[in-house]
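Read through the structure below, which is laid out as structure tokens, and then see the notes.
Please treat every number below as a calculation from the coordinates, not as lab data. Since the model is a prediction, treat every value here as computed from it, not as a measurement. Cβ sites come from the backbone with ideal geometry, for glycine too, and all protein chains shown count toward neighbours.
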Amino acid sequence: MGKIIALVNQKGGVGKTTTTINLATYLAKLGKRVLLVDLDPQANASSGLGIDPRTLQKHLYHNLVLKEDLQNTIIRLNFAGHDIIPAHSDLAGASIELAEVENREYQLFEVLRQAKNSYDFIVIDSPPSLGLLTINGLVAADEVIIPVQTEYFALEGLGQLLNTINLVQENLQPRLQLGGIVMTMYDRRNNLARQVVKEVRNHFPDKVFDSVIPRTVRLAEAPSFGQSILQFDSFNKGARAYRQLAEEVIARSEGK
């Protein structure tokens, strides 16, 4: 049975979608069966892997709200080596439509139950908010990975997010675990960035991944070509960092 990982940070611009795309691709590169679930109405993970949401006839909204079978929405990305359930702007209305639904927080959990046995990892790209869609992602997940930008306000909002995770654990999903914190957009020439990494490691000594994702132009460019960094520039230092992250995720999953 596969592990479901939600990447969550309600603060935008922290490299969450970039991390989701590249973690999924490198997990697949390392031989794992992977499904990426784009839960964000902005659909950046979908477009960042070459899918134009405007051309889609079926997407995650149809599973969450209309209860359509997953096989109608899963797309195989041969170049990336993994599958994806793409997002669409219609998801923005799902929060409203699900508001009156019984067990509204468990809708994605029910959807992904259909797929959990078919994959080693299911990776969820959550919206930059703590709304109903993100709560669905947390309830569906076995663990959470939090991307944290190595800048001054890195810890701002992290306490609120951890409190939300605790509430989900206590009230909705007791098996949910904090899988780890990954530091992103790191510039080793910047004294502040080094201080932020040190501070986060001190606060969460056992939870911060060794892999630190650097700030590189190539990482920022890759989604505009519909590619992960593996396809776009596999020799880039960002590519090496994401491969290391994927190896850490696998090792932690296997208890190594």
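Using per-residue counts of other Cβ atoms within 10 Å, averaged over each peptide, order 67-73, 181-187 from highest down.
Numbers: 67-73: 14.0, 181-187: 22.4.
The densest-packed peptide leads the list: 181-187, 67-73.
Let me know the charge dipole size of the stretch 29-122 about its Cα centre in debye, to the nearest 20, where only the beta-carbon of Lys, Arg (+1) and Asp, Glu (-1) is charged.
500
Work out how much length residue 114 to residue 172 would gain on full extension: take 0.36 nm times their residue separation and subtract the Cα-Cα distance, in nm to one decimal.
On the way: separation 58, 0.36 × 58 = 20.88 nm, distance 1.97 nm.
Gain on stretching residue 114 to residue 172: 18.9 nm.
Which value, in debye to the nearest 20, describes the size of the charge dipole of the stretch 3-249 about its Cα centre when Lys and Arg Cβ atoms bear +1, Asp and Glu Cβ atoms bear -1, and nothing else is charged? Kindly include the intermediate steps, with their values, before the conclusion.
Values: 25 positive and 27 negative charges, 187 e Å.
Value, rounded to 20: 900 debye.
Take peptides 148-160, 195-207 and line them up by average Cβ neighbours within 10 Å, highest first, as a rough protection proxy. Could you put the intermediate results ahead of the total?
Values: 148-160: 16.4, 195-207: 13.7.
The densest-packed peptide leads the list: 148-160, 195-207.
Could you rank the peptides 29-35, 57-63 by their average count of other C-beta atoms within 10 Å per residue, with the highest value first? Present the calculation step by step, with values, prior to reporting the outcome.
On the way: 29-35: 18.4, 57-63: 20.6.
Packing order, densest peptide first, comes out as 57-63, 29-35.
Could you give each residue of the stretch 117-133 its phi-based ³J(HN,Hα) in whole Hz, using Karplus coefficients 6.51, -1.76, 1.60 with θ = phi - 60°, and x for Gly or Pro?
6, 8, 9, 7, 9, 10, 10, 9, 8, 8, x, x, 6, 10, x, 5, 5
Given only helices, namely DSSP H runs of n ≥ 4 each adding -39500 (n - 2.57), what is the per-residue ellipticity at 222 nm of the chain, to the nearest 500 deg cm²/dmol? Don't skip to the answer; put the middle values down first.
Details: 11 runs with 100 residues, N = 256.
Mean residue ellipticity, 222 nm, calculated: -11000 deg cm²/dmol.
Under a straight-distance cross-link criterion of Cα-Cα below 27 Å, which lysines are reachable from residue 198, leaving out those fewer than 8 residues away in the same chain?
11, 16, 207, 237, 256
Tell me the Kirkwood radius of the stretch 3-249: reciprocal of the mean inverse pair distance over distinct alpha-carbon atoms, in Å.
17.9
With +1 on each Lys and Arg Cβ and -1 on each Asp and Glu Cβ, how big is the dipole of the stretch 89-217 about its Cα centre, in debye rounded to the nearest 20? Present the calculation step by step, with values, prior to reporting the outcome.
Details: 11 positive and 17 negative charges, 137 e Å.
Using Cβ point charges on Lys, Arg, Asp and Glu, the stretch 89-217 gives about 660 debye.
So which lysines can residue 58 reach, going by Cα to Cα under 19 Å and dropping same-chain residues fewer than 8 places off?
Here the lysines satisfying the reach criterion relative to residue 58 are 67.
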